[in-house]
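Working notes for the structure below.
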Amino acid sequence: MKRLHMVALTLLVLCGLAARLPAAGLAPLPAVQMQSEPADAALAAEIQRLTEAFLAALPPAERPADATPIRILLAPDGARFAEIAGGRSPEWAAGLILEPGRTILLDKSYLRDLGQTAALLRHELAHVLLDRRVGERAVPRWFHEGYAQLRAGEWDMEALWRLGRAAWTGSAIPLRDLELGFPASGPRAQLAYAESQAAVQALAREGASWGQLFELLEAGVPFSEALQRSRGETLAAFSARFDAQIMPSFRRWGLLFGTAPLFFLMALIFMAAAWRRWRRGRGGEIEEAAPAGPVGELEQNEWLNRGWIDRFRRR
């Protein structure tokens, strides 16, 4: 009996130890190191909390094996941000990767609310994690930016409108043109970001091949080869399919939100209303132009309409 109690106690201790250990196969989460001005200590603590929550919620397949701490610098204003960036960031940027896979720079002046802060932070963290996974190996720019937007949850109606308008007008950017870089600024740059997110979402919809793609990238396989081995589709074939099938599917959003189709629909409604008004006016003119009958006939018609003639006959 004593031996049985000892075995049970040993099993309970082992189960307790196992519960404290990370799940098998999961890489440890990297620590977060914040650096900010003393006056921004409360905001820095909130950013650190958001970062740790984002890392903990990552799908297992997207956790890189590299657990080196992630460093986040919080610049107090735009001038300090530009100074630290050293001219490497466009004027509209609110965040920047200072060291690939290692350091993030944030501009405090853009962090107006918690939701905006969380979205910006998730975007830059996704860049860091992907850099850790691929190292120095080349990855298409559209995949890097599309993955960052996917993890930041930046899919919105504005992106759908841009894609729908480009599909409707035939002004979409070929995906192969977004492998090395994006337009510098303006509507074409915004369209490039929207197309990148649409392309990555198309890849992420197939969960099995998506996880396998990240495993192959972690193992050091080049992106084009990893894509082909995980999906059975070459990078060139996927780019061609995106241009020929995926982008045209957004035309329905162009019909819903596009300015030209909406103007055409409003013009049709206006023309229909004008035609009906013309018909009514034409009918009035015909009625006025009709020859008048005898007075007695008109009086009889009025009596018939009122139903009085029947009452008179019954009398």
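The values are calculated or read from the model by the stated rules, or taken from the named source; none is laboratory data. The shown structure was predicted, so the numbers you read here are calculated from the model rather than taken from an experiment. Here the Cβ is made from the backbone with ideal geometry for all residues, glycine too, and neighbour counts use every protein chain on show.
What about Arg313, is it part of a helix (DSSP H, G or I), at pLDDT below 90 and either surrounded by 10 or more Cβ atoms within 10 Å (Cβ to Cβ) or β-branched (Val, Ile, Thr) (or both)?
Spelling it out, it is not the case that Arg313 is part of a helix (DSSP H, G or I), at pLDDT below 90 and either surrounded by 10 or more Cβ atoms within 10 Å (Cβ to Cβ) or β-branched (Val, Ile, Thr) (or both).
Looking only at segment 85-122, count every residue that is closer than 23 Å to His144 by Cα and either in a helix (DSSP H, G or I) or of a type in the set (Val, Ile, Thr) (or both) and tell me the total.
13
Please count how many residues of segment 99-132 are modelled with pLDDT of 90 or more and polar (S, T, N, Q). Explain how you work it out, then say what you get.
Taking segment 99-132 as the starting set, the residues that turn out to be modelled with pLDDT of 90 or more are 99-108, 118-132.
The next check asks that each one be polar (S, T, N, Q); those that pass are 103.
Residues meeting the conditions: 1.
May I ask you to list the residues in segment 186-203 that are in contact with a helix residue (DSSP H, G or I) (Cβ under 9 Å, 6 or more places away or on another chain) and surrounded by fewer than 16 Cβ atoms within 10 Å (Cβ to Cβ)? Show your work before the answer.
First, the residues of segment 186-203 that are in contact with a helix residue (DSSP H, G or I) (Cβ under 9 Å, 6 or more places away or on another chain): 187, 190-203.
Hits for segment 186-203 are Pro187, Gln190, Gln201.
Taking segment 47-67, which residues are assigned to a loop (DSSP other than H, G, I, E, B) and either surrounded by 18 or more Cβ atoms within 10 Å (Cβ to Cβ) or in contact with a helix residue (DSSP H, G or I) (Cβ under 7 Å, 6 or more places away or on another chain) (or both)?
In the first step, residues of segment 47-67 are kept if they are assigned to a loop (DSSP other than H, G, I, E, B); the result is 57-59, 63-67.
If the condition is that a residue be assigned to a loop (DSSP other than H, G, I, E, B) and either surrounded by 18 or more Cβ atoms within 10 Å (Cβ to Cβ) or in contact with a helix residue (DSSP H, G or I) (Cβ under 7 Å, 6 or more places away or on another chain) (or both), then Arg63, Pro64, Ala65, Asp66 are the ones that fit.
Take Ala44 and tell me if it is crowded, with 17+ Cβ neighbours inside 10 Å and assigned to a helix (DSSP H, G or I). It would help to see each step written out before you state the result.
On the way: crowded, with 17+ Cβ neighbours inside 10 Å: yes; assigned to a helix (DSSP H, G or I): yes.
Yes: the conditions hold for Ala44.
Would you confirm, using the coordinates I've provided, whether Pro22 is surrounded by fewer than 10 Cβ atoms within 10 Å (Cβ to Cβ), more than 30 Å from the chain's Cα centre (by Cα) and at pLDDT 90 or above?
Details: surrounded by fewer than 10 Cβ atoms within 10 Å (Cβ to Cβ): yes; more than 30 Å from the chain's Cα centre (by Cα): yes; at pLDDT 90 or above: no.
No: the conditions fail for Pro22.
With respect to Leu74, determine if the residue is assigned to a helix (DSSP H, G or I), aliphatic (A, V, I, L, M), surrounded by 15 or more Cβ atoms within 10 Å (Cβ to Cβ) and outside the structural domain of Glu218 (by TED's automatic domain parsing).
On the way: assigned to a helix (DSSP H, G or I): no; aliphatic (A, V, I, L, M): yes; surrounded by 15 or more Cβ atoms within 10 Å (Cβ to Cβ): yes; outside the structural domain of Glu218 (by TED's automatic domain parsing): yes.
So Leu74 fails the test.
Filtering segment 56-113 down to residues that are of a type in the set (Asp, Glu) and under 22 Å from the mean Cα position of the chain (by Cα), which residue is farthest from Ala39 (Cα to Cα)? Steps first, answer last, please.
First, the residues of segment 56-113 that are of a type in the set (Asp, Glu): 62, 66, 77, 83, 91, 99, 107, 113.
Next, only the ones that are under 22 Å from the mean Cα position of the chain (by Cα) stay: 62, 113.
Numbers: Glu62: 35, Asp113: 17 Å.
Applying the filter and picking the extreme gives Glu62.
Are there any pairs, at least 6 apart or on different chains, whose C-beta atoms fall under 7 Å, with the first in segment 190-203 and free of Cβ contacts under 8 Å to residues at least 24 places away in the same chain and the second among the charged types (D, E, K, R) and surrounded by 23 or more Cβ atoms within 10 Å (Cβ to Cβ), and if so, which?
none
Only one of these is of a type in the set (D, E, K, R), surrounded by 15 or more Cβ atoms within 10 Å (Cβ to Cβ) and at pLDDT below 95: Glu136, Glu158, Glu154. Name it. Even if it seems obvious, please write down each step before you answer.
Numbers: Glu136 fails: surrounded by 15 or more Cβ atoms within 10 Å (Cβ to Cβ); Glu158 fails: surrounded by 15 or more Cβ atoms within 10 Å (Cβ to Cβ).
None of the others qualify; the one that does is Glu154.
Which pairs have Cβ atoms under 7 Å, sit 6 or more apart or on different chains, and link a residue in segment 95-117 that is over 26 Å from Arg137 (Cα atoms) to one that is among the hydroxyl-bearing types (Ser, Thr, Tyr)?
Once the first residue is over 26 Å from Arg137 (Cα atoms) and sits in segment 95-117, its partners that are among the hydroxyl-bearing types (Ser, Thr, Tyr) give Leu111/Thr117.
Scan segment 68-94 for residues that are among the hydrophobic types (A, V, I, L, M, F, W, C) and either modelled with pLDDT under 90 or more than 30 Å from Gly211 (Cβ to Cβ) (or both) and jot them down. If you could, list the steps in order and put the result at the bottom.
Filtering segment 68-94 down to residues among the hydrophobic types (A, V, I, L, M, F, W, C) leaves 70, 72-75, 79, 81-82, 84-85, 92-94.
Hits for segment 68-94 are Leu73, Leu74, Ala75, Ala79, Phe81, Ala82, Ile84, Ala85, Trp92, Ala93, Ala94.
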